[in-house]
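Presented below is the structure to which this report refers.
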Amino acid sequence: MRMPEGSVMKIGIIGAGNIGGNLTRRLTVLGHDVSVANSRGPHTLTDLAQETGATPVPVGEAARGAEVVVVTVPVKAVPNLPSGLLDGAADDVVVIDTGNYYPRERDGRIAGIEDDGITESRWTEQQIGHPVVKAFNGTFAQDILERPRPAGDPDRMALPVAGDDAAAKAKVRALIDELGFDTVDSGGIADSWRQQPGTPVYGLREGVAGVTKALAEASPERPADFRGQPTTRSAT
């Protein structure tokens, strides 16, 4: 599936860090109508807005009218997103989750992920009350700007994409194609462990064949470096 030539979408981006900022830059260049939000407020996004033409908005307004919403915030911050986050979005809004669970460096131990044995994107779905498509989580932010290639280019990178809704996943894959990258379907959200941190595909800069091979070689066991320290009870 490819985007129709000249197709313009309304896209909301929640999180203006490295991935969110560079997606804002590329998607506005492609002509999409982008609203961008962060936790610190629209007034902190003036420079990005002037650079790109994107509209800075409060987080609670980022999804208004959006056909695609990108959630690109630290995993630990997902529960703090406002309730009704997707109120006012298009009826068939597609939510892209770029998040990664880093329990030791950033997020702390999240029991819902580790004790329930679910993928980090399934946990994110539960927090926001909407299905997600997992993409861009293992992509170097600078590659979004520097490594787009036309279809058929032998140096074109491929990105893994996971999701349960076939239509939503197709829409995300078409958008990534427009951005200048191939994609590989990595299965449903229950299979998205194949692209979590510590897996062979995470950070991989290869084409379809290399990404397909890396996904097949992944282990469902979360590497020790990406598991939180077990909780301990003090003696009483």
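The values are calculated or read from the model by the stated rules, or taken from the named source; none is laboratory data. Just so you know, these numbers come straight off a predicted model, no measurement behind them. Backbone-built Cβ (ideal geometry, glycine too); neighbour counts: all protein chains shown. Ligands, DNA and RNA are excluded from the accessible area calculation, which covers all protein heavy atoms including side chains. Shrake-Rupley method; radii C 1.70, N 1.55, O 1.52, S 1.80 Å.
A few points about this structure:
- For region 181-215, filtering for residues that are outside any strand (DSSP E or B) and touching a helix residue (DSSP H, G or I) at 6+ places or on another chain (Cβ under 8 Å) leaves 18.
Residue by residue, here is whether (1) aliphatic (A, V, I, L, M); (2) closer than 19 Å to residue 119 by Cβ holds:
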| site | (1), (2) |
| --- | --- |
| 161 | yes, yes |
| 176 | yes, no |
| 186 | no, yes |
| 190 | yes, yes |
| 195 | no, yes |
| 206 | no, no |
| 219 | no, yes |
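- Scanning region 87-101 for residues that are more than 15 Å from the chain's Cα centre (by Cα) and over 18 Å from residue 169 (Cβ atoms) yields 87, 88.
- Scanning region 166-184 for residues that are open to solvent by 40 Å² or more (accessible area, probe 1.4 Å) and either touching an Asp or Glu at 6+ places or on another chain (Cβ under 7 Å) or free of Cβ contacts under 8 Å to residues at least 60 places away in the same chain (or both) gives 166, 182.
- Listed conditions (1) open to solvent by 60 Å² or more (accessible area, probe 1.4 Å); (2) over 24 Å from residue 74 (Cβ atoms); (3) out of contact with any Lys or Arg (no Cβ under 9 Å at 6 or more places or on another chain) are all met by residue 150, apart from (3).
- Pairing residues of region 195-218 that are within 14 Å of residue 181 (Cα to Cα) with residues that are of a type in the set (A, V, I, L, M), at Cβ distances under 6 Å and at least 6 apart in sequence or on separate chains, gives 204/214; 205/157; 207/158; 208/158; 208/184; 211/158; 211/184; 211/201.
- Checking the stated criteria, residue 17 turns out not to satisfy the condition of being open to solvent by 10 Å² or more (accessible area, probe 1.4 Å), over 17 Å from the mean Cα position of the chain (by Cα) and in contact (Cβ under 8 Å) with a residue 40 or more places away in the chain.
- Of the strands (runs of 3 or more DSSP E) lying entirely inside region 1-72, those containing at least 2 residues that are touching a Lys or Arg at 6+ places or on another chain (Cβ under 8 Å) are 33-37.
- Residue list for region 60-81, restricted to those being more than 18 Å from the chain's Cα centre (by Cα) and either without any contact (Cβ under 8 Å) to a residue 24 or more places away in the chain or open to solvent by 50 Å² or more (accessible area, probe 1.4 Å) (or both): 61, 64
- Condition check for residue 162: open to solvent by 60 Å² or more (accessible area, probe 1.4 Å), of a type outside the set (S, T, N, Q) and touching a residue at least 40 places away in the same chain (Cβ under 8 Å): no
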